[in-house]
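Asker: Pasting a structure here, questions to come.
Rule-based calculations on the coordinates, nothing more; no lab input. This is a predicted model, so every value here is computed, not measured. Because the Cβ atoms are built from the backbone with ideal geometry, glycine has one as well, and the counts that use them run over all protein chains shown.
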């Protein structure tokens, strides 16, 4: 079997995390600013793209970017035990229960269903403050979900790789089912979009393209997590992290045994 240390996944560097966090901020600003907000009032597929970016892309990039130390929510290693994210990381290590990891998925599903209802979509396209509320709610709910799927130092996922894989797959399927339900309707659920025959994108085409947009963004967001965890799960019988921790524990045990054998005191 391949050594757990040798096959350990490459960690994202600090510079890469900075770019990921900046990408999340840029996409958030673009989603809230013209011309996207203007187009979203007229075309369903643009509003669907806006929703998909807020619900999936921004939280994923923000979590992978891990800007917690920059925001002073976490300290450098060994110096930030009293800060919010460090306390949260310690609590997650003490409570790795499945139920605690499953709740973020339920919150995410509830959020995507709530913000795709006709009243919510019509309200978002008419009132800017509702658009801000949508973005803010997904910035919280989405990040809470993604903290269960990827590393975001100092936080680590609560679940082993098979459970992370399943949680990412179920999240993607939930979005797909919602989009498929919309697509099965002969007419759009949303009354805010008006189309004139012979001018621009037709109502039916706009409706179908919006479904495709949601499907593609969900796949782009969750598929890498699914295949990444599947690859390392199938490649190793055990999680590389568990193997590394076991080796460290074994080395520490040997360091204590050697002085005792020689009649000396154990190391401090």
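Asker: Kirkwood Rh over alpha-carbon pairs of the range 95-178, then Stokes-Einstein at 10 °C and 1.306 mPa s: what D in µm² s⁻¹, rounded to an integer? It would help to have the intermediate numbers written out before the result.
Answerer: Numbers: Rh = 13.8 Å.
It diffuses with D of about 115 µm²/s by this estimate.
Asker: Going 7 Å from the Cα of residue 87 toward and past its Cβ, which residues in the range 47-75 have a backbone nitrogen under 19 Å from where you end up?
Answerer: 68-75
Asker: If you don't mind, there's one more thing I want to ask. Can you give the FRET efficiency for residue 177 and residue 97, using 1/(1 + (r/R0)^6), R0 = 22 Å, r = Cβ-Cβ distance, to the nearest 0.05? Walk me through the numbers on the way to the answer.
Answerer: On the way: r = 27 Å, r/R0 = 1.21.
After rounding to 0.05, the efficiency reads 0.25.
Asker: Could you sort the peptides 21-29, 154-162 by per-residue average Cβ neighbour count (10 Å cutoff), highest mean leading?
Answerer: Details: 21-29: 16.1, 154-162: 18.7.
Descending mean neighbour count gives 154-162, 21-29.
Asker: Suppose the chain between residue 107 and residue 126 were pulled fully straight at 0.36 nm per residue; how much longer would it get relative to their current alpha carbon spacing? Don't skip to the answer; put the middle values down first.
Answerer: On the way: separation 19, 0.36 × 19 = 6.84 nm, distance 2.54 nm.
Here the segment from residue 107 to residue 126 would lengthen by 4.3 nm.
Asker: Would you kindly calculate the translational diffusion coefficient of the range 14-237, applying Stokes-Einstein with the Kirkwood radius from alpha carbon pairs, for 20 °C and a viscosity of 1.002 mPa s, and quote it in µm² s⁻¹ without decimals? It would help to have the intermediate numbers written out before the result.
Answerer: On the way: Rh = 18.5 Å.
Roughly 116 µm²/s, to the nearest whole number.
Asker: Shifting gears a bit: Can you give me the distance in nm between label points at residue 191 and residue 156, each placed 7 Å from the Cα along the Cα-to-Cβ direction?
Answerer: It is 5.3 nm.
Asker: Calculate the FRET efficiency for residue 231 and residue 30 from the Cβ-Cβ distance with a Förster distance of 35 Å, rounded to the nearest 0.05.
Answerer: 0.60
Asker: Measure off 7 Å from each Cα along the Cα-to-Cβ vector at residue 22 and residue 73, then give the distance between these two points in nanometres to one decimal.
Answerer: In this crude spin-label approximation the distance works out to 2.0 nm.
Asker: Quick check on packing: order 128-140, 202-214 by the mean number of other C-beta atoms within 10 Å, highest mean leading.
Answerer: Working: 128-140: 16.0, 202-214: 18.0.
Taking the mean over residues of other Cβ atoms within 10 Å, the ranking is 202-214, 128-140.
Asker: Given R₀ = 25 Å, what would the calculated FRET efficiency be for residue 169 paired with residue 140, taking r from the Cβ atoms and rounding to 0.05? Display every interim value, and only then the final one.
Answerer: On the way: r = 23 Å, r/R0 = 0.90.
Efficiency for this residue pair is about 0.65.
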